[in-house]
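The values are calculated or read from the model by the stated rules, or taken from the named source; none is laboratory data. Please read these numbers as outputs of a predicted model, since none were measured by experiment. Cβ coordinates were reconstructed from backbone atoms using ideal geometry, including for glycine residues, and neighbour counts include every protein chain displayed.
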Amino acid sequence: MDNVAIVMLKPDTFRRGLEEKIYDAIVRAGLKIVSRKKMWLDEKMIREYQPVLNEPSEFGEEWKREAIQAMIGAPVEILIVEGPDAIAKTKQIKTEIRGRYVLSQHYRDRVILNLIHTADNPLELYNNLKVLSPEILE
């Protein structure tokens, strides 16, 4: 699992037609997409893969509700990628994509529509795979 990472393309990626930009960034980083699947998330799944949504927040609960609603309105695409330093590279891709393409829809400085999710460390990767792509762990 050292050279594996997960990338989620969120509904706003597809609404804005940016999926090819992300696929290209993955390839340019020297990573290979080995699995792709589209799926609909429900609130329970979102809260499981993003445990921060279950924690108290100085921003209150409204931004969490908005973030969840943004995710359940359309399917997401889950990509499993492989290659050297996959987690670090997908984290960098996330930073670049968000920096370049995220619209400024914020709720008290928390971005609601942020296009892409990646796991930033091995524990987060395992937890994300458990929820979003458990077949990879078998």
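Taken over the stretch 12-42, residues that are surrounded by 17 or more Cβ atoms within 10 Å (Cβ to Cβ) and either β-branched (Val, Ile, Thr) or closer than 19 Å to LEU129 by Cα (or both) amount to 5. Close contacts from the stretch 106-120, counting a first residue that is over 23 Å from ASP85 (Cα atoms) and β-branched (Val, Ile, Thr) and a second that is in a strand (DSSP E or B) and modelled with pLDDT under 70, with Cβ to Cβ under 8 Å and a gap of 6+ residues or different chains, come to ILE112/HIS106.
Residues are listed down the side, and each one gets a yes or a no for (1) closer than 11 Å to ALA5 by Cα; (2) among the polar types (S, T, N, Q); (3) assigned to a loop (DSSP other than H, G, I, E, B); (4) at pLDDT 95 or above:
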position	(1), (2), (3), (4)
VAL34	yes, no, no, yes
ILE68	no, no, no, no
ALA74	no, no, yes, no
GLU77	no, no, no, yes
ILE80	yes, no, no, yes
ARG100	no, no, no, no
SER104	no, yes, yes, no
LEU113	no, no, yes, no
ASP120	yes, no, yes, no
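Among the residues making up the stretch 67-87, those that are farther than 17 Å from LEU129 by Cβ and surrounded by 14 or more Cβ atoms within 10 Å (Cβ to Cβ) are ALA67, ILE68, ALA70, MET71, ILE72, ALA74, PRO75, ASP85.
Summed over the stretch 43-66, residues that are surrounded by 11 or more Cβ atoms within 10 Å (Cβ to Cβ) and either over 20 Å from LEU113 (Cα atoms) or of a type in the set (D, E, K, R) (or both) total 7.
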